[in-house]
Amino acid sequence: MNKKQAIITGGAGSVGLEVAKKLIEQGCEVTIIDRNAEGIKYVKKLFGEAVITYLGDASDPKLIEKVASDMKQKQKKVSYILNTIAGGSVKPFSEISIEEIKRVIEVTLLSYAYTIRIFWDLLENYGSIVNISSVHGTATRKGKSMYATGKAGVESLTRALAIELRDKNVRINAVAPGGFTSDFYKNDCPDWKEKLEKGQIFTCEDMANIVVFLLSDKAKAINGETIIADGGVFTVRANSSEW
């Protein structure tokens, strides 16, 4: 991975940040796009010149076009893309506004399509893309209708693009985490530490390990797949306190 270019949307926190750490350790030059100003400051302090940052909304195609234009001017090709951004409030479908529907789908699904399409001509042969989905893309709960729809779309997009990216020798996969220790999850789940100890949720680094594996040549036999990463909770539908 030495000197290869990586793009991470939403890379200033959670899984994106952990992946950035691991890629930089392996010699990658990482570009992070994130709207979190404090997160961007932290990233710059942590990585210094090893990272290029863009402060802004990664679901805005104009910003992504700016990043791609800058890379093209520097005559750089992109080996790795990680799409991580998501959004959406927990709300019954009957209470969601039309604008909220549009926004959730744009952030959770269309932003991934925008990024891949805009960087299409800059993708390096034998590169790799990973999209962050969610177990909600397969089985969800009340109040998560549009988020679940977006994540299901991410998995469908991943399968479809695996066909079209074969001509460029670029692989694309998705990771569908269950619960993990993002700030959002910890704020939403007071008993997250207990769940972590029981193996019901996992750390951001746990998720990052899966992503980095999929990006690497070690996963060259995996393409167009969605890896469910929830410790088996989804598989056995284990909701009891004993799991």
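Here, each number is a calculation from the coordinates, and none is a lab measurement. Keep in mind that what you see is a predicted model, and the values were worked out from it rather than measured. Using ideal geometry, Cβ is built from the backbone for each residue, glycine included, and neighbour counts are taken over all protein chains shown.
Some values worked out for this structure:
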{"item": "Over 25 Å between alpha carbons, listed pairs Lys168/Lys220; Lys193/Lys220; Lys151/Lys195; Lys45/Lys218; Lys76/Lys220", "result": "Lys193/Lys220; Lys45/Lys218"}
{"item": "Principal axis dimensions, largest first and in whole angstrom, of the chain by Cα", "result": "53, 39, 38"}
{"item": "DSSP loop trypsin sites (Lys or Arg not before Pro) with at most 12 other Cβ within 10 Å excluded, longest remaining stretch of the chain", "result": "143-219"}
{"item": "Dipole of the chain, positive direction: furthest Cα of Phe213, Gly143, Ile227, with charges on the beta-carbon", "result": "Phe213"}
{"item": "Folded to 0 to 90 degrees: helix 204-215 orientation relative to the chain principal axis, Cα", "result": "50"}
{"item": "Point-charge dipole on Cβ atoms (K/R +1, D/E -1) for segment 108-204, about Cα centre, debye to 20", "result": "280"}
{"item": "Amide H within-cut-off set for Gly10, under 5 Å, with H built and near neighbours excluded", "result": "Ile33, Asp34"}
{"item": "Amide H partners (placed H, <5 Å) of Ile172, local residues excluded", "result": "Ile129, Gly224"}
{"item": "Helical contribution to [θ] at 222 nm, DSSP H n ≥ 4, -39,500 (n - 2.57), averaged over the chain, rounded to 500", "result": "-12000 deg cm²/dmol"}
